[in-house]
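We did not get these values from a lab; they are worked out from the coordinates using the rules stated. Only a predicted model underlies this, so the values are computations on that prediction, with no experimental measurement involved. As a convention, Cβ positions derive from the backbone with ideal geometry for all residues, glycine included, and neighbour counts pool all protein chains shown.
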Amino acid sequence: MAKLLGRSTYIFDRPPVIRSFAAAGGGKEGEGPLGERFDLLSPDNLYGADSWEQAEMKMQRLALKTALNKGGLRKGDLNILFAGDLLNQCTGSSYGLRPFMAPYLGVYGACSTMAETLLLASVFVDGGLAKAAGASTSSHFCSAERQYRYPLEYGSLRPPTAQWTATAAGAVILTAEGDCPRIEVRHACAGIIEDPGVKDANNMGAAMAPAAACLLRRYFRESATAPQDYSRIFTGDLGTVGSALLYQLLARDRLDISGMHDDCGLLLFDRARQDVHAGGSGAGCSAAVLCCHILPEMLAGRYEDVLFIATGALLSPTMVQQGESIPGIAHLVHFHLARSGKEGA
């Protein structure tokens, strides 16, 4: 069973194992630095559907189906499925994943959703409540723009601090056991809502960075570890603005992660070539980067211990229009590459 360290860091006695994973993306993602690593791509972003929302539903469905197939599992093998997206009522997940007929718990954490679903799935597997658990997340540039800002037809200009919502989905299957080498979930840490008072919906990096800094400080303290104990630290999706602010905030506690840090929003796209301004964002951004880059790099032996910290701006268009600020959240998962079955938690 998981043990509590401090306020909200969990160490798993029986570390859940990443059985399989898959990433789906759109045309812009396919043209980016990680394009060749996606399992599925749709050049027109529609995936053969009739609307952007239906395309996101299909994209998340295909990502989960592919992950199950890669793990040699059927949809009936899932004991629990945690999934979420950016749309109202988690449309991409609740509508898109209907065919799986799996016990389903919808999750909303904005762009932090992938880490949140992984945290919850890990708790279920470690606690013996599930032999196989799914964690799935998606976002779509066109559906998100229509909901949070303006329809694409409006042609609004984006300031330099703005980030590009990824048309992408990621799905991970966790099981109680697995062959070596295998990726285990060793720790997880639930974040606290931080509100730095940012009111600009086009500057989400600044809204999310304090939550990431707070989470990292607390995790290092509660787990009795330090940045140098990890091969790599990935955030998502702070972009250029949020990443720079994160370094400044951590420097106050003499924590320096700059030499081992990457941001999913800066890995998914080529900023110089693809005009994404401050980088990528969206719940599907960190989910896709996790499934097409981070986990494959671990299995290739390039990273042994990785911190995956998905960050989210808990943005409500209604509240922003009423003059409210934008709260931020971040959640953390610690992955470990186990090379032999004798390794313990």
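Below are the figures for this structure:
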quantity	calculated
Option label - semi-axes √(5λ) of the Cα gyration tensor in Å computed here, alternatives (i) 33, 26, 19; (ii) 28, 24, 18; (iii) 35, 21, 19	(ii)
FRET efficiency, 1/(1 + (r/R0)^6) with R0 25 Å, evaluated for residue 319 and residue 50 via beta carbons	0.20
Between the range 1-49 and the range 62-82, the Cα center-to-center distance that results, in Å	13
Residues residue 262 and residue 202, FRET efficiency given R0 of 30 Å [Cβ-Cβ distance, rounded to 0.05]	0.80
Value of [θ]222 nm, deg cm²/dmol, for the chain, DSSP H segments ≥ 4, -39500 (n - 2.57) each, nearest 500	-8500 deg cm²/dmol
Added length on full extension, which subtracts the Cα-Cα distance from 0.36 nm per residue, residue 105 to residue 302	67.6 nm
Residue exposure sequence - 204, 114, 57, 298 - by fewest surrounding Cβ within 10 Å	298, 57, 204, 114
Dimensionless Rg over Rh [the range 3-175; C-alpha; Kirkwood]	1.00
The chain: antiparallel DSSP beta bridges as a percent of all, rounded to 5	65
Length released on extending from residue 195 to residue 248, taking residue separation times 0.36 nm less the Cα-Cα span	17.4 nm
Neighbour-count ranking [beta-carbon atoms within 10 angstrom, fewest first] of 56, 145, 304	304, 145, 56
Kirkwood hydrodynamic radius of the range 238-345, Cα pairs, Å	16.0
